[in-house]
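Written out below as structure tokens is the structure these notes cover.
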Amino acid sequence: MAAYPRYYFQNKTILLRLWDPQDAASAYLDGQDSAAMAAMYQEMTLPPQKKHPDPSGVSAEHSPAVPAFTITALDGSYLGQIHFSHVNERHGTFSLKLFITNEQRRKGYGKAAMELLLKYAFAERRLHKFEGCCLADNTEAAALLCSLGCQLEGTSRECAFLNGQYHDRLLFGLTADEFFAISKQ
């Protein structure tokens with residue numbers, strides 16, 4: 001029996017498991033990081049309607065096509081979330097949404113989680129192309145995408161309205177062949 005039977009993916013740094021209602025409290029706290037949420041969803045987040053999350057009202061039912069994962073350290077401590085987004089099986093394209101808690105950023109956890117899901121998407125699901133994006137002034141997200149081997153494919157000018165002004169969005173791409181070529185090095 002595996003050491004972590006509830007975990008889907010593991011490497012030397014992190015564990016990924018399917019998100020479940022017990023993660024509601026951590027997800028609620030993640031939502032309080034309004035700057036990170038704005039960068040991720042490219043819209044302002046509103047203040048919470050409740051003081052505390054109610055795990056009983058949170059569904060763990062996710063489509064198998066767009067699974068959501070909780071990211072933990074090897075000791076089980078919560079690090080963040082990652083989930084598939086905009087999966088198009090016909091064309092083989094997909095995106096990933098990543099959130100790492102403020103205290104755990106810049107430690108390699110986000111890259112480790114992205115690498116695990118990219119490998120799964122390309123090798124197991126036979127998807128063909130990852131499409132990533134970030135606001136142009138989000139230099140850390142752009143650097144992460146480049147470190148994974150993504151190529152800058154273009155800029156969508158003034159397409160996101162946030163904090164009273166328009167922002168450019170950088171568009172990145174990575175094909176399965178590019179990923180496996182980089183992985184073999």
Strands (runs of 3 or more DSSP E) wholly inside segment 95-185 containing at least 3 residues that are out of contact with any His (no Cβ under 6 Å at 6 or more places or on another chain) and surrounded by fewer than 19 Cβ atoms within 10 Å (Cβ to Cβ): 151-162, 165-175
Quickly run through segment 157-171 and pick out the residues that are within 30 Å of LYS107 (Cβ to Cβ) and more than 16 Å from the chain's Cα centre (by Cα). ALA160, LEU162, ASN163, HIS167, ASP168, ARG169, LEU170
When (1) closer than 15 Å to LYS97 by Cβ; (2) at pLDDT 95 or above; (3) polar (S, T, N, Q) are applied to THR175, the one that fails is (1)
Filter result for PHE69 (among the hydrophobic types (A, V, I, L, M, F, W, C), modelled with pLDDT of 50 or more, in contact with a Phe, Trp or Tyr (Cβ under 7 Å, 6 or more places away or on another chain) and under 22 Å from GLY132 (Cα atoms)): yes
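Got at least one residue in segment 98-109 being out of contact with any strand residue (DSSP E or B) (no Cβ under 6 Å at 6 or more places or on another chain), within 15 Å of GLY132 (Cβ to Cβ) and not β-branched (Val, Ile, Thr)? So that I can check it myself, show each step before the final result.
Narrowing segment 98-109 to residues out of contact with any strand residue (DSSP E or B) (no Cβ under 6 Å at 6 or more places or on another chain): 102-103, 105-108.
Those still in the list that are within 15 Å of GLY132 (Cβ to Cβ) too: none.
Scanning segment 98-109, I find no residue that is out of contact with any strand residue (DSSP E or B) (no Cβ under 6 Å at 6 or more places or on another chain), within 15 Å of GLY132 (Cβ to Cβ) and not β-branched (Val, Ile, Thr), so the answer is no.
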Would you be able to say whether some residue in segment 64-77 is surrounded by 19 or more Cβ atoms within 10 Å (Cβ to Cβ), more than 14 Å from PHE179 (Cβ to Cβ) and not hydrophobic (A, V, I, L, M, F, W, C)? yes
Scan segment 22-42 and give yes if some residue there is exposed (fewer than 15 other Cβ atoms within 10 Å of the Cβ), modelled with pLDDT of 70 or more and within 16 Å of the chain's Cα centre (by Cα), otherwise no. no
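The values are calculated or read from the model by the stated rules, or taken from the named source; none is laboratory data. Note that the structure is a prediction, hence the values are computed from the model and not measured. Because the Cβ atoms are built from the backbone with ideal geometry, glycine has one as well, and the counts that use them run over all protein chains shown.
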